[in-house]
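Read-outs: derived from the displayed coordinates by stated rules, not from any lab. These figures come from a predicted structure and were not determined experimentally. Quick reminder, even Gly has a Cβ in these numbers, built from the backbone with ideal geometry, and neighbours come from all protein chains shown.
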Amino acid sequence: MNDFVNNIKKVMLVFLVLFIALISYITYSYMFTSEKTLASTFNQRLWAERNKVLRGTIYDKDMNALTKSTKISETSQKLKYLQGAAFSHAIGYMDPIYGLAGLEKKYDAQLMDSGESAISKLVFFSKDTEEKIGNGLRTTLDSKLQLKAYELLKQTNHKGAIVALNPKTGEVLAMVSNPSYDPNNLERDMKGLNTNNDVPLLNRAVSGLYPPGSVFKTITAVSALENIPGVYNKGFSDNGKLVVNGTQLLKNYDGEVFGNIDFKKAYVHSSNVFFGSLGIDLGNKALRDTAEKFYFNKDMNATGMTIDPSQFPTYKSNEKGNIAQSAIGQAAVLATPMEMALVASSVANNGIMMEPMLVKEILSSKGKSLETTEPKQLGQVMTPETASTMKELMRGVVTDGTGGNAAVSGIDVSGKTGTADHKADANAQTAAHSWFIGFAPYDNPTIAIAVIVEEGGVGGGKAAQITGKLMETYLK
Amino acid sequence: MESIKEEKKLLMYTYLLGIVLFFNLFFIGKDGFDKGALIMGVIICFIFAYSHFIIRRFFPDGDKYILLFSNVLAVIGMGMIYRLDSPMALKQLIWYTVGIAVFILVVVLMPSLSKFGKYKYFYMICTLILMSMGSIFGDPTNGSKNWISIAGFTFQPTEFGKLSLVAYLAASLQYYGKNLKDKAELLKIKALIEPGIVVMISLGFMVTQKDLGSALIFFAISITMLYIATSNLKYVLVCLGLFIIGGFISYKLFGHVRLRFMIWGDPWKYGNNEGHQVVQSLISIASGGLFGTGLGLGYPKMVPVRESDFIFSAISEEMGLLTGFAILILYFLMFYRCMRVPIYSKDNFTRLLAVGYSTMIAAQALVIVGGVVGAIPLTGITLPLVSYGGSSMIITFFSLGILQKISEDGQSYE
Amino acid sequence: MAKISLIMRYAIIAIIYIIIIFALKIMYKDIKGGSKKKPVARKTMGLEVMERGENFNLRQGAVIPLNDELTIGRKADNLLILGDKYVSSLHAKIYLKNTDYILKDLRSTNGTLKNNKKVTDSVVIKKGDEIKIGTSVFKVIG
């Protein structure tokens, strides 16, 4: 009998050891390997947590939805871009594999924020049966304009970009870059996109740096008007070439000779000789100072975008050739389409440059406004008098000058053409970039546009035509 | 008197556990408040109270804790199953009620168990039939071939075979060493040959039916009973050796055995297919931490077979590792109480019977929890009383009923 | 409402461990309190000698206490030795089962009578029962 009891005790001891061993094993593996376990790719819990909130919608300025999120499983959502490639560069993308870009990236936190305040997180007695939806973004984009801009640019079969702004507020009405990509099919296309030499993922509107060519004469003109008294009425003799110290620095397009011209005529007909000579008269520093007023060489804040700084070079006073060339937007001058759109909008806005914004408002999923972007001034980049003069000049470009193709019946379009030479490499014969910047209507302008068609030829050609059509779309 | 007061206090806490659990479930209902949870909680407390009342009133001499611990385990199980799948929880409630009924019936109706020691051959035949049924009629479900369906109900005959095997071993080992105290070793061993063969045949059936978990448990029960009956460590070691050899042979022979070991070695490598269950189980347990995520706040639904085999993982994720540990402690305490029962027992048959059933429950808990946390290769068995499963519940309560009955009887002599 | 689980999980764990620790405490006390302690209050019962008959070692009115087991018979190793010739060597025994005492006739030649009825195998005896073995009569008192 005692024998039996002893046996039982021994068996109990064995099982006790087994149970303790099991508990120890669990404790050990929890303490030492749980981090690795939780980080494993098989752990879907982080995705499920994030997936609890349905991603907010991005809208255009009239509250038309541009994106649509749907939950497809406990751990993932599908984000659909309703307007496809036209909006890719403005909105960006969100992809489980390729991550975030554009507005989707900048505003990711808000889009996934369903508005649960810290306090409501603690209150247990609320019904959590409602679907959690993230905040919405109301952009400044005008869908009709954006789609038209993309269509027109695509039809040229050239690379390029278009930026349209509201000169009074800085709101970005349209921002397009070509080539674009289909944000709904990144899995399928991404590899190709990354190896494509035309770099479709690049947003040329804010990151494309191009020689601005003659559209830069707008800044040179401002600089002259504000630094050289009486320059407006001074006469000038344009014989088709600018020669300094026996060296030819530049010539007019096609070698055209304008003869006796004044400031206005020189601008309207885009005389390189006139402006190159102005450049030398101003000197590199003065012109650069003006350019920097326009935010060349400077970082510009913008709501919802990152704008690459445009560049205006520093030259020594004996580099006359470069100085002259820089005054007509060549040499080492580089500008983004956004920058040039801002130049046009500053002229349209009495000389005040507004900070560009892409996002007007952040709204809760129920439509309540949480945050509004107020228009902000970047600065008075030219005096109102200068602006008024420039407005007149730019109107002249369209009525009498190189920008005739931008004209629209019934609307007073003003602008400036640009035919920017650039060389892909030293020996190639490449066509110039076609630029146009402009605004409309003349009284109380509501839209300012910059268009660049890479290697599209003269500014008065493709770029002007596109601008005209877009003005028509927006204002009619 | 004092002990009764304390006992009542303990009971109160068990009711409290049920109430708190189902209150929690009440609050986390999908569309607001889940009244069904409250109703279920009340019903469980009712059944629990009733069973306790019957046992304490009419059979006050038996062990008091066996029923208590089993109810705690069952209530935790039902709470978790309700959170995972409420219709299933309702079915589990029915099985629980049936189990309790079986328990009470066994204690009330069964005559003194020592009489049952005579039917050795009956048990042997039952065992052999039940073990072989799977191999002959079974159809492969979930990778093991030991399920049979009769009249729409599926059950595992090997589960019932476990019961008759224990009875058989108790019946044949009870006379071991009697009157042969000083006789030669060889004669004693002769008495072991018959049960040895029966055990080996049963193990063989189970391995071929791919039910490796049951095989392991059977083996554990057999050597424990052998040791208790013979007090001879040598036999135990010999059997262990035979088992290892057998295991080795089946490893070489059977692909499914190799597969289990392969997955156990590095479950992450097979995380996408065969190792998926173990990997998800490990992640689930790790995400809970010590205190768990709280009912309804974790993601136990990412674990496959979560209501039966992997219920432990789901519980650890939402109720915490501490609850997981508590469950293991409860199993051990229940084992301890069960093993005390045969000490007061009158004859060898009931002693061995008690040892066998106690070991059955404890070994099953160890094997499945071990498999689910990655300590040993995974096997397809349930966690007794906690997992969803009718046959498991009935068999466990039946064994516990027998144990309770033996503890009742055993009090007549000191 | 799901957040309430954040608080309740602590409550659940606490209650489970309270149950475990409390159960352990009680079990420990039980063990310490003496392993011989009977789980139920024991009634003290005994056999009062009503008629000693031909068993001269009995005294009328004497009380034989009933413990766990009382063996009755002619053989000397019985607890209660009755010498008369109607008593078998191993005649009967009275033992405790749960809360009752059982009188079991051990296949005696002349039988055992409880309240003048022959006892076949075992029967429960209560206070006031009259037991006749051989020529002696006892009464159960408690």
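Side notes on the structure shown:
- Summing Lys and Arg as +1 and Asp and Glu as -1 over all other residues whose Cβ lies under 13 Å from the Cβ of C:T120 gives a net charge of +3.
- Residue among C:T120, A:L242, A:Q44 farthest towards the positive dipole end of the protein assembly as shown, charges placed on Cβ: C:T120
- Residues B:R351, B:R260 arranged by fewest to most Cβ contacts within 10 Å: B:R260, B:R351
- Couplings 3J(HN,Hα) of segment B:383-396, computed from phi: 8, x, 6, 9, 5, 6, x, x, 5, 4, 4, 5, 4, 5 Hz, in residue order, whole Hz [Karplus 6.51 cos²θ - 1.76 cosθ + 1.60, θ = phi - 60°; x for Gly and Pro].
- In nm, spacing of pseudo-spin labels at B:K8 and A:N318 (7 Å Cα→C-beta vector): 11.2 nm
- Counting Lys and Arg as +1 and Asp and Glu as -1 over every other residue whose Cβ lies under 11 Å from the Cβ of A:N405, the net charge comes to +2.
- For segment A:241-392: rounded, prolate or oblate by the Cα gyration tensor [a/c cutoff 1.5]: prolate
- Distance (nanometres) between label positions extended 7 Å along Cα→Cβ at B:F53 and B:V238: 5.5 nm
- Which of B:L212, B:G99, A:L145, positive extreme of dipole for the protein assembly as shown (C-beta unit charges): B:G99
- Aspartates and glutamates with Cα under 20 Å of B:K269, excluding same-chain neighbours fewer than 8 positions away: A:E35
- Lysines with Cα under 17 Å of A:K80, excluding same-chain neighbours fewer than 8 positions away: A:K68, A:K71, A:K105
- Each residue of segment A:272-280 is assigned a 3J(HN,Hα), and the resulting list reads 5, 4, 4, 6, x, 5, 4, x, 5 Hz, derived from the Karplus form 6.51 cos²θ - 1.76 cosθ + 1.60 (θ = phi - 60°), x at Gly and Pro.
- Sites matching GluC sites (Glu not before Pro) across segment A:229-320 that sit in DSSP coil, with at most 15 neighbouring C-beta atoms within 10 Å: A:E256, A:E319
- Convex hull of Cα atoms in the protein assembly as shown, direction-averaged projection (nm²): 57.4 nm²
- Inter-chain Cβ neighbour count for C:18-26, averaged per residue, equals 6 (cutoff 10 Å, partner chain atoms only).
- Global form of segment A:133-209, assessed from the alpha-carbon gyration tensor, a/c cut-off 1.5: oblate
- Segment A:336-379, relative contact order in percent, only Cα pairs under 8 angstrom and at least six apart counted: 34 percent
- Paramagnetic reach from A:A431 (point 7 Å along Cα→Cβ, amide N under 14 Å) across segment A:144-171: A:153-160
- Test item: Cα-centred dipole of chain A, Lys/Arg +1 and Asp/Glu -1 on Cβ, debye: 700 debye
- Highest-MSF residue in chain B out of B:I361, B:I47, B:I395 [GNM, Cα springs under 10 Å]: B:I47
- B:M88, B:M393 arranged by Cβ crowding within 10 Å, fewest neighbours leading: B:M88, B:M393
- Placing +1 on the Cβ of every Lys and Arg and -1 on the Cβ of every Asp and Glu, with no other charges, gives segment A:205-341 a dipole of roughly 260 debye about its Cα centre.
- Springs between Cα atoms under 10 Å define the GNM used for chain B, and in it the highest mean-square fluctuation of B:G99, B:G271, B:G389 occurs at B:G271.
- In a simple Cβ point-charge model (Lys, Arg +1; Asp, Glu -1; nothing else charged), chain B has a dipole of about 760 debye relative to its Cα centre.
- Whole-Å distance, taken between Cα centres, linking segment A:214-253 and segment B:358-413: 99 Å
- Shape category assigned to segment B:1-75 from the gyration tensor of Cα positions, a/c cut at 1.5: prolate
- Antiparallel bridges, percent of DSSP beta bridges restricted to the protein assembly as shown (to nearest 5): 90 percent
- Here the contact order of chain A, divided by its residue count and restricted to Cα pairs under 8 Å and six or more residues apart, works out to 15 percent.
- Residues whose amide H falls under 5 Å from that of A:K132, counting only those 5 or more places apart or on a different chain, are A:L54, with hydrogens built in the peptide plane.
- Most mobile listed residue (C:K25, C:K97, C:K117) in chain C, GNM with C-alpha springs under 10 Å: C:K25
- Per the Debye formula on identical point scatterers at the alpha carbon atoms of segment A:160-475, with no solvent, log10 I(q)/I(0) at q = 0.11, 0.15, 0.16 Å⁻¹ is -0.64, -1.18, -1.34.
- Sorted into 20 angstrom bins from 0, the C-alpha pair distances of chain B split as 26, 57, 17, 0 percent.
- Peptide B:15-22 - average C-beta neighbours from other chains (10 Å radius): 3
- Entries in C:K75/C:K104; B:K64/B:K118; B:K210/B:K252; A:K217/A:K285; A:K241/A:K298; B:K8/B:K35 that, when Cα-Cα distance is taken, lie over 22 Å: B:K64/B:K118; A:K241/A:K298; B:K8/B:K35
- Listed by chain and number, the aspartates and glutamates placed with their C-alpha closer than 14 angstrom to that of A:K469 are A:E151, A:D412; residues fewer than eight positions away on the same chain are left out.
- Among B:M80, A:V222, B:I197 the positive-end extreme of the charge dipole of the protein assembly as shown (Cβ point charges): B:I197
- Modelled label positions at A:D289 and B:E194, each set 7 Å beyond Cα in the direction of Cβ, lie 11.8 nm from each other.
- Just so you know, the averaged projected area of the alpha carbon convex hull for segment B:303-378 sits at 5.6 nm².
- Proxy reagent accessibility, fewest Cβ within 10 Å first, across B:V106, A:V451: B:V106, A:V451
- Applied to segment A:257-269, the Karplus parametrisation 6.51 cos²θ - 1.76 cosθ + 1.60 on θ = phi - 60° returns per-residue 3J(HN,Hα) values of 10, 9, x, 7, 9, 10, 3, 4, 4, 4, 6, 4, 9 Hz, with x for Gly and Pro.
- A helix-only calculation puts chain B at -24000 deg cm²/dmol for mean residue ellipticity at 222 nm, using -39500 (n - 2.57) for each DSSP H run of at least four residues, averaged over all residues.
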